Amino acid sequence: MAIRQRRVKHETSFAARLLQHAQAARDAAHRLPPGKKREMLLRQARASEMAVQIDRWITSPGLRPPE
């Protein structure tokens, strides 16, 4: 019996989903008082934004493979 993988067809791009996550985390963080939970949400927002930058860099046409 073969295992079937679930395929998800996303309506938005990877970068758009990451930016939405970053904005949601940042909004949630600003509603919280200073503390660990707030810092964790802000860290997640920064990580999502960094992932978008890395994705854009990797998929840029000027990037050449290592020699």
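Read-outs throughout are calculated quantities, based only on the coordinates presented, and are distinct from any laboratory measurement. This structure is a prediction, so every number in the text was calculated from the model and none was measured. Please note: Cβ atoms are built from the backbone with ideal geometry, for glycine as well, and neighbour counts cover all protein chains shown.
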Checklist entry - Under a point-charge model restricted to the Cβ atoms of Lys and Arg (+1) and Asp and Glu (-1), what is the dipole moment magnitude of region 14-58 relative to its Cα centre, in debye to the nearest 20? => result 180 debye
Next on the checklist: Between 0 and 90 degrees, rounded to the nearest ten: what's the tilt of helix 14-30 against the longest Cα principal axis of the chain?
Outcome noted: 10 degrees
Checklist entry - If you stretched the chain out fully between residue 55 and residue 38, how much longer would it get, using 0.36 nm times the residue separation minus the C-alpha to C-alpha distance? => result 3.5 nm
Checklist entry - So what is Rg over Rh here for region 14-58, counting just Cα atoms and using Kirkwood for Rh? => result 1.05
Checklist entry - Stretch residue 10-residue 31 to full length: gain in nm at 0.36 nm per residue minus the Cα-Cα span? => result 4.7 nm
Checklist entry - How high is the relative contact order of the chain, given as a whole-number percent (alpha carbon pairs under 8 Å, six or more residues apart)? => result 31 percent
Checklist entry - Could you work out the helix-only [θ] at 222 nm for the chain, with each DSSP H run of four or more residues adding -39,500 (n - 2.57) and the total divided by the number of residues, to the nearest 500 deg cm²/dmol? => result -20500 deg cm²/dmol
Checklist entry - Can you tell which of 24, 35, 14 lies farthest toward the positive end of the dipole of region 14-58, using +1 and -1 charges on the Cβ of basic and acidic side chains (Lys, Arg; Asp, Glu)? => result 35
